[in-house]
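Participant: Starting off with a structure, shown below.
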Amino acid sequence: MRMAVSCCALAAASLASATRAETPEAPPAPTPGTAERVVVTATGRSTPVQDLPATAVVLDGALAEQASAFSSAEEIVQLVPGLQVAVANGTQAAFQIRGVGAVDHQALTPSGSAVFLDGAFLATNVQTGAMLYDLDSIEVLKGPPGARYGRNASSGAISFLTRKPGAGSYADLSVGNFGRFDVRAAQDIGLGDDTALRIAGRYLQQGPTLDNIVVYPDLPAGPDKAAGERKEGGLRATLSTRTPGGGEYLFRAHVELDRGVNPAPRNDSLGLSGHDISIGPDGVRDTDTEFYGTSFEARLPVGGFDLVSLTAFEGYNQQYGFDFDGTQGYADNPGLNANLSYDRDYAQISHDMTVSRDLEHGRISFGGSAAFERFDQLYAIWCGVLDPRTWVGTCNYVGAAGRVGPVPASTTPAASLLTDITQSRRVAALFGEYEVQASERLALSLGLRVTNDHADGHGSGRHVYRDGTIAFNNRGGVGPAVGENTLDDTRLTGKASASYRVADGQMLYASLASGFKSGGFNGEVANDATHYSDAGLFDAETVTAAEIGYKASLGDTLEASLAAFWQDYDSPQARIFVSFVLPDDSVITSNSLSNLDAATSKGLEASLTWRPLDGLDLDAGLTLLDTEIRQDASAGGGANADLFDGNPLPFASKLSATLAARYAHPIGGGRVLKTSLSAKTQSGFYLDAEGRADRRQDGYTLLDASLGLSFADDAFEIGVWGRNLLDEDYALSGYGFLGYNTFRSDPASWGVALKRRW
């Protein structure tokens, strides 16, 4: 298989062409000729990307190997134009495709881009940020899939596929600045003619990449690790077996541990720049997280049909915290200090089954899925150094007094806030697709999906007084913040497409699709009784998408794609920052996920892949995007409609482009010199829906490179690598609280890598 990657095509609302991106590390030598790129998640079978009437990016070969060396899943956005991500609280990644996808830092909220690991849906944004290793490919589908995947896929889908037994054994070691030590390994074990086992693992350690500087000399400084530490390990086992009747079975199990420190944010009121933060000692907490899961996948012929069944269990438990206000503190007002912690437990079990059959002039498939999820969280905010027995800090959190209500439960001041939430969700769906070859050149397809999403939520918001008394929040005397509610939603989504082969290797296509993302409960501070009846709920969002495109494979050396898309976004979910008046008439900012009225996303995408000579791959991808929020006060948009109407969607750059070059040059004696250069540039974007100039990230360019030398026909390799070589400092996400706080990118990094293959 060639070691290049298709980066994207010109886009639309459903799915449309393929592009290619590039790896910053030296890849194995490519094979000349056209790569057989496949998108398994689009149709449930292996389909060449150039034959798919949709926009899709497939990162395989060297690109998948490079992604396996990423620290977190969100780094794949560097390889794909039109794909952006908001990363909050260290590990929570919410992906946006073509500007669509809720930007939210709550753990129980999935992103608008459905994320899968080996076919299993990852239903919370905490899971999407987990460390990657031993990847076979990554597939990015742009636009709502509509039929096969309909839930929480309003912007598209991202699928991470790990390697199966027989992919080859290896051991990789990489060391770099900031104390980076990264070791990855996999071993294939044969257990007979038809059974094999693969064990893969990774350990990653890295010190702080940001500088924690002192802004207020009169206040205590925090430790270096306030800027974050990586201490993570993972292990995965995959057992495959085949039966004489043509069945294939896969058993997978994995566990990943995180014992590092989540990085603290930067408060914009401090005037910092250049990868700096300024944090005191009281908000720094170690992270204690375990991700785990297992699955059973079966593929077998049954009565003339092909059956695919996947049963999966995924879960995690997590404890961590950080300095919420992003400062050392405030000498003149110690109460302007806030630290938070999360204690979470999550489990999901899911089953998906599809049966399909090739017909004389087409193909039919149908199936169903079901899932059950449970999420529990205790969220705490306090001031100063916490006493874990009483949940009281050494000072009083500024927001606690405003939640007390008209009848205080104690004569002492309110000091801290506690919020608990339990959400259980049941999801069931039926779907079907029919593809027909209407003529020698014309192909048509139609898919429909009906999904029922049922969520039960209950919880409470409480305040803790200095004497240890705990009472329910009751802001404004509306009623105690304790309650429960049920959300039940049934949605019909679908996709229709047509493709026409205008000549050998050239295809025109058009598609129309719809998708939705579930509603749910806000899991952070519950102010009063309305939290469980209105204020704490958000509705489902829906997207209707149209796309037209062109794909061409011109000989064995040139591939191109072009697409135009339009997406109508109804009730888009967005994090809203609301001013909150305290008893002393001062103001802080409260955050919650809510719904805007509507929005549109439209644009163009193009990709070009050129292989001018053996060993040289050149790839380019471009996305031009225009988004706009429509908020009408007269139609229920609210008194603050003018804050949103006409604004672009958050994390929606008008321009993003990738350019990559990779060259593998044999120099004799089984040695190959490998060079790699890749870049992504994107224009500025807003960090939230209010479109304020002080909450905008300017455009930036990411540049990665590598140089390597392999020996003994690629059995050994040594190389050097660099990432973010332009040392760009940019915001990963932001939130309003005592100013505006942003999580920051890593600075330039470099190192050396040793690889052994057998």
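Participant: Residue 665 versus residue 711, label points 7 Å from Cα toward the beta carbon: distance in nm?
Facilitator: 2.1
Participant: Considering only C-alpha atoms, what is the centroid distance from the stretch 321-386 to the stretch 396-438, in Å?
Facilitator: Between the Cα centres of the stretch 321-386 and the stretch 396-438 lies a distance of 11 Å.
Participant: Still on this structure, I have one more. Quick one: 3J(HN,Hα) in Hz for the stretch 496-502, Karplus 6.51/-1.76/1.60 with θ = phi - 60°, rounded, Gly and Pro as x.
Facilitator: Once θ is set to phi - 60°, the couplings for the stretch 496-502 become 10, 8, 9, 10, 9, 7, 7 Hz.
Participant: Add +1 for every Lys or Arg and -1 for every Asp or Glu among the other residues with Cβ under 13 Å from the Cβ of residue 410, and state the total. Working shown, then result.
Facilitator: Working: positive: 462, 466; negative: 467.
Net charge around residue 410: +1.
Participant: How much length is gained if the chain between residue 299 and residue 539 is pulled fully straight, taking 0.36 nm per residue apart and subtracting their Cα-Cα distance, in nm to one decimal? Write out the running numbers ahead of the final one.
Facilitator: Values: separation 240, 0.36 × 240 = 86.40 nm, distance 3.68 nm.
Result: 82.7 nm gained on full extension.
Participant: Still on this model: Scan around residue 362 for amide H atoms under 5 Å from its own, H built in the peptide plane at 1.01 Å from N, and keep only partners 5 or more places away or cross-chain.
Facilitator: Residues meeting the criterion, in which the H sits 1.01 Å from N, are 437.
Participant: Which of the peptides 223-229, 481-487 is most tightly packed, and how do the rest follow, judged by the mean count of other Cβ atoms within 10 Å per residue?
Facilitator: Numbers: 223-229: 21.1, 481-487: 17.7.
Ranking, from highest mean packing down: 223-229, 481-487.
Participant: Same structure again: Quick check: pseudo-label points 7 Å beyond the Cα along Cα→Cβ at residue 243 and residue 450, how many nm apart are they?
Facilitator: Placing both labels 7 Å beyond Cα along the Cβ direction yields 3.2 nm.
Participant: If you rank 149, 532 by how much accessible surface each has, with a 1.4 Å probe, what is the order from largest down? Each step should come with its number before you reach the end.
Facilitator: Working: 149 35, 532 10 Å².
So, going from the largest accessible area down, we get 149, 532.
Participant: Now for a separate question. Using +1 at the C-beta of Lys and Arg and -1 at the C-beta of Asp and Glu, which of 436, 391, 130 has the Cα lying farthest in the positive direction of the dipole of the chain?
Facilitator: 436
Participant: Under a cut-off of 18 Å between alpha-carbon atoms, report the aspartates and glutamates in cross-link reach of residue 602, not counting same-chain residues fewer than 8 places apart.
Facilitator: Residue 602 reaches 541, 547, 568, 570, 626, 628, 645.
Participant: For residue 500 and residue 181 in the same chain, what is the full-extension length gain: residue separation times 0.36 nm, less their Cα-Cα distance, in nm?
Facilitator: On the way: separation 319, 0.36 × 319 = 114.84 nm, distance 5.08 nm.
Value of the extension gain: 109.8 nm.
Participant: Whole-Hz Karplus ³J(HN,Hα) for the stretch 438-447, in order, using 6.51 cos²θ - 1.76 cosθ + 1.60 and θ = phi - 60°, x for Gly and Pro?
Facilitator: Computed from phi, the couplings for the stretch 438-447 are 5, 8, 4, 10, 9, 10, 10, 8, 9, x Hz.
Participant: Could you do me a favour and compute the accessible area per residue for the stretch 146-218, 1.4 Å probe, result in Å²? All intermediate terms of the calculation are to be shown ahead of the outcome.
Facilitator: Values: 2800 Å² over 73 residues.
Value returned for the stretch 146-218: 38 Å² of accessible area per residue.
Participant: What percentage of the solvent-accessible surface of the stretch 612-755, computed with a 1.4 Å probe over protein heavy atoms, is contributed by carbon and sulfur atoms? Before the final figure, lay out each step's value.
Facilitator: Numbers: 3630 of 5990 Å².
Heavy-atom surface of the stretch 612-755 belonging to carbon and sulfur, 1.4 Å probe: 61 percent.
Participant: Quick check: the distance between the Cα centres of the stretch 190-235 and the stretch 238-295, to the nearest angstrom?
Facilitator: So the two Cα centres are separated by 9 Å.
Participant: Report in % the part of the accessible area of the stretch 142-285 that belongs to carbon and sulfur, leaving out ligands and nucleic acids; probe 1.4 Å. Provide the component values of the computation, followed by the final result.
Facilitator: Working: 3080 of 5480 Å².
Heavy-atom surface of the stretch 142-285 belonging to carbon and sulfur, 1.4 Å probe: 56 percent.
Participant: Under the Karplus relation 6.51 cos²θ - 1.76 cosθ + 1.60, θ = phi - 60°, what is the ordered set of whole-Hz ³J(HN,Hα) values for the stretch 563-573, x standing for Gly and Pro?
Facilitator: Karplus values, whole Hz, x for Gly and Pro: 8, 10, 9, 9, 9, 9, 10, 9, 6, x, 6.
Participant: What does the highest-first list of 264-275, 51-62, 558-569 look like by mean Cβ count within 10 Å?
Facilitator: Working: 264-275: 18.6, 51-62: 27.7, 558-569: 24.0.
The packing order, highest mean first, is 51-62, 558-569, 264-275.
Participant: Same structure again: So what is the 222 nm mean residue ellipticity for the chain from helices alone, if each DSSP H run of at least 4 adds -39500 (n - 2.57) and you divide by all residues, rounding to the nearest 500 deg cm²/dmol? Before the final figure, lay out the partial values.
Facilitator: Working: 2 runs with 11 residues, N = 758.
The helix contribution divided over the chain gives -500 deg cm²/dmol.
Participant: Between residue 228 and residues 5 or more places away or on another chain, which pairs have amide H atoms under 5 Å apart, with H built 1.01 Å from N, and which residues are they?
Facilitator: Answer set, sorted by chain and number: 264.
Participant: May I pose another question? Can you tell which of 157, 522, 665 lies farthest toward the positive end of the dipole of the chain, using +1 and -1 charges on the Cβ of basic and acidic side chains (Lys, Arg; Asp, Glu)?
Facilitator: The one lying farthest along the dipole's positive direction is 665.
Participant: Using a basic spin-label model with each label point 7 Å from the Cα along Cα→Cβ, how many nm lie between residue 360 and residue 317?
Facilitator: Inter-label distance under the simple model: 6.0 nm.
Participant: Once you've got the Cα coordinates, tell me which of 225/755; 495/517; 142/680; 680/755; 164/517 are over 21 Å apart.
Facilitator: On the way: 225/755 30 Å; 495/517 16 Å; 142/680 18 Å; 680/755 26 Å; 164/517 31 Å.
The pairs that break the limit, which is 21 Å between Cα atoms, are 225/755; 680/755; 164/517.
Participant: Over the stretch 321-430, with the other protein chains present, what is the accessible area per residue in square angstrom, probe 1.4 angstrom?
Facilitator: Values: 4320 Å² over 110 residues.
For the stretch 321-430, the per-residue accessible area is 39 Å².
Participant: A further question follows. Under the 0.36 nm per residue contour assumption, what length would be gained going from the current alpha-carbon distance of residue 632 and residue 389 to full extension? Please report the intermediate quantities before stating the final value.
Facilitator: Values: separation 243, 0.36 × 243 = 87.48 nm, distance 4.85 nm.
Length gained between residue 632 and residue 389: 82.6 nm.
The values are calculated or read from the model by the stated rules, or taken from the named source; none is laboratory data. Predicted, not measured: the structure shown is a model, and the values here were computed from it. Glycine also receives a Cβ, built like all others from the backbone with ideal geometry; neighbour counts cover every protein chain displayed. Side chains are part of the model used for accessible areas, which takes the heavy atoms of the whole protein and leaves out ligands, DNA and RNA. Shrake-Rupley method; radii C 1.70, N 1.55, O 1.52, S 1.80 Å.
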